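Okay, structure first, notes after.
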Amino acid sequence: MRTLLPYLMIATALALFFLFVSPRWGSVKEFRSQMGQYNEALNKAAELRGLRDELLVQFNALPKDDITRLERLVPDSVNTVKLVTDIDAVAGKYGITVSNVRVTEETVDISQEVPSPETAKPYLTTTITFKFTATYQNLVAFLKDLEKSLQLVDVKSVSFDSGKSKNNLYEYEVAIQTYWLK
């Protein structure tokens, strides 16, 4: 029996190794490889957190007036009523009355595939078309004033009817485009 006991213990140890330890050891190896991936993700998150903090410090260093002007230049959302009111106020300086206002907002088609980051625009556009009657000089002054307004606008088209003008007054149709962040 004494000579059999060491062989029995070795056989029990081998059986325990192959039945219990070996399968668990494979799980441990798998967890270690996952731990490496998680550590990489944590390092990347720490790097991104540092970058975010650095950008936040730079953003907070900007004067509040500049931030307000930037938010007005390219707002988070479009307030078409306020924008049309601002356009009307600028036009009023030159005795221009704006009429036939049409607002066309760019729509996002959610049924299509998600665009890649390279082709996706970080903004949406709104086109505002309106008509008015004015002299050419007032048109030029109005467009210059509109160009200097705080909100970013592009004049997309200007058309006019030179029919039978009275007192050098012409009927103009202007289409402008404004931008806002998604």
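The values are calculated or read from the model by the stated rules, or taken from the named source; none is laboratory data. Keep in mind that this is a model prediction, so the values were computed, not measured. Positions of Cβ are generated from backbone atoms using ideal geometry, with glycine treated the same way; all protein chains shown enter the neighbour counts.
Exactly one residue among 2, 32 is part of a helix (DSSP H, G or I) and either of a type outside the set (Phe, Trp, Tyr) or under 38 Å from the mean Cα position of the chain (by Cα) (or both), and that residue is 32. Residues in the stretch 143-160 that are part of a helix (DSSP H, G or I) and touching a strand residue (DSSP E or B) at 6+ places or on another chain (Cβ under 7 Å): 143, 146. Answer yes if at least one residue in the stretch 100-109 is modelled with pLDDT of 85 or more and of a type in the set (S, T, N, Q), and no otherwise. Yes: the stretch 100-109 contains one or more residues that are modelled with pLDDT of 85 or more and of a type in the set (S, T, N, Q).
Each residue in the stretch 70-100 was checked for being part of a helix (DSSP H, G or I) and either basic (Lys, Arg) or over 29 Å from residue 121 (Cα atoms) (or both), and 7 pass. Listed by first and then second residue, the pairs with beta-carbon distance under 6 Å, at least 6 apart or on different chains, first residue in the stretch 161-182 and under 19 Å from residue 129 (Cα atoms), second loosely packed, with under 12 Cβ neighbours inside 10 Å and modelled with pLDDT of 85 or more, are 173/159; 175/157.
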